[in-house]
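Below is one structure, written out as structure tokens; comments come after it.
Rule-based calculations on the coordinates, nothing more; no lab input. Note that this is a predicted model, so its numbers are computed, not measured. With ideal geometry, Cβ positions are generated from the backbone for all residues, glycine too; neighbour counts draw on all protein chains shown.
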Amino acid sequence: MRVSHLFTKTSKEAPADEVAKNAQLLIRAGFIHKEMAGVYTYLPLGKRVLEKITQIIREEMDGVGGNEISLTALQASDVWQQSGRWDDQVMDVWFKTKLANGSELGLAPTHEEPLTKLMKSFIKSYKDLPVYPYQFQIKFRNELRSKSGLMRGREFWMKDLYSFSRTQAEHDTFYEKISHAYDRVFERLGLGGQTYKTFASGGSFAKFSHEFQTISPVGEDTIYVHKDKKIAINEEVYSDEVLAELGLNKDELVQELAVEVGNIFTLGTRFSDPLELSFTDEDGESKPVIMGSYGIGPSRLMGLIAEHFADEKGLVWPENVAPYRVYLVRIGDSEAVTAKADQLYERLTQQGIEVLYDDRDERPGAKFADAELLGIPHRVTVSERLVEEGTYEYQARIHGEVKLLTAEELLGTLG
């Protein structure tokens, strides 16, 4: 991609009413556009980051046997009334609307009910289980406050996977399997070292559910971390009884603020009972399906990564999620400089290296400032002096050390 072909532009200012650092930086860098509180449009660079985060999650979900689908956002009320969650007093985040004929619809905040209903068409026998459908979809929740940028939206991207198992033991095996898959997701996103599997309330479904919490000064949750065991306890269940059950000592735990980036729940028969999702076992007996729910928010992760790794100059994307790996800066527009920069752009692209090529007629200082704001991991500069010397100027976004490299040395570095 050439910068001259992008319709977006960087800005020195973010909207005055935007208080979250992640949103301020992403708006200034032209990754997102704020439509209203808690609602953002993903512009070309932001869409690339979101898709890379999504792809990492997809690969890990496929790796544990997931089947990707796409459910509808518009929801009829009947299936939610069966489960008892259509009532605003039970679930207070609904966005509801009406058809021209007066029928009331909702915009799905989650999908346990409709997917359970759907699976009744496909689950009849023990031979049909287990199954693990999942999706990436925009969810809608009527949040009372949306002041954390992408980390708390009224419209946001969610990966939700649901497990359908024959027995509790079969469910428990998958529960641990997907827990490890989540660990791999956060490791690949660059958050592994500061993300902890956190014991939280299991509600009426189980003793515990588990959240995945990333330590962050902007976190809204308080957790107690055992860094050696790589686990934590959410403040809501932090008690002497829970500590004893988990074999933990208060003195070994550190209190931290954290952002919830994922969760896994045992649902049991909470939805399969009221919606009558059952199967016939080997003995011909009808039994309810055991369910689980597993969520990760790609858009929330994008906001957290933007905020977590930023510095005073702008965004700092990890390699795996950066919109491009290389920001190629052309200084000057002489025939020799243009030919050299174009040649490098083509060569890197042909080798599968994603390049954002700043070919604008703009001051060097403005180009370098944009490179830092955009947070692309590697910057390469071509100028008149460098062409004469037969070198390229290379600088990593994180470390900042400037090096003069030959073409082969540059390719080896970017390899």
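Here the Kirkwood formula, the inverse mean of 1/r across different C-alpha pairs, assigns the range 326-414 a hydrodynamic radius of 12.9 Å. Taking Cα centre as origin and charging only the Cβ of basic (Lys, Arg, +1) and acidic (Asp, Glu, -1) residues, the dipole magnitude of the range 124-257 rounds to 720 debye. Computed from the Cβ-Cβ distance with R0 of 60 Å, the FRET efficiency linking A76 to T349 stands at 0.80. Between the listed residues N67, I178, A23, the Cα displaced farthest toward the positive end of the dipole of the range 11-309, a dipole computed from Cβ unit charges relative to the Cα centre, is found at A23.
Label positions at E241 and S179, each projected 7 Å from the Cα along the C-beta direction, are separated by 2.1 nm. Applying 1/(1 + (r/R0)^6) with r as the Cβ-Cβ distance of E285 and D17 and R0 = 51 angstrom yields a FRET efficiency of 0.30. For the range 1-43, the Kirkwood hydrodynamic radius from C-alpha pairs, put into Stokes-Einstein at 20 °C and a viscosity of 1.002 mPa s, yields a diffusion coefficient of 198 µm² per second. In a fully extended conformation the segment linking R363 and D92 would gain 92.4 nm over its present Cα-Cα distance, using 0.36 nm per residue. Summing Lys and Arg as +1 and Asp and Glu as -1 over all other residues whose Cβ lies under 14 Å from the Cβ of R58 gives a net charge of -2. Multiplying the residue separation of I69 and A407 by 0.36 nm and subtracting their alpha-carbon distance yields 117.2 nm.
Taking 0.36 nm per residue of separation and subtracting the Cα-Cα distance, full extension of the segment from S201 to V39 would add 55.4 nm.
Arranged from fewest to most other beta-carbon atoms within 10 Å of their beta carbon, H171, H180, H399 become H399, H180, H171.
So how far, in whole Å, is the C-alpha centre of the range 1-74 from the one of the range 264-292? Centre-to-centre distance over Cα atoms comes out at 37 Å.
With the biggest extent put first, the Cα atoms of the chain measure 81, 61, 45 Å across the principal axes. Note on F271, F7: ascending count of other Cβ atoms within 10 Å places them as F7, F271, the fewest first. Here's the picture: a label point sits 7 Å out from the Cα of T269 along the beta-carbon direction, and within the range 116-160 the residues with their amide nitrogen under 20 Å of it are 116-131. Under a model in which nothing but the beta-carbon of Lys, Arg (+1) and Asp, Glu (-1) is charged, the range 11-309 shows a dipole of about 1160 debye around its Cα centre. Among L248, L115, L144, L150, sorting on how many other beta-carbon atoms sit within 10 Å of each Cβ, with the fewest leading, yields L144, L248, L115, L150. Can you tell me which of A371, A258, A73 moves the most in a GNM of the chain? Springs connect C-alpha atoms under 10 Å apart. Fluctuation is largest for A73.
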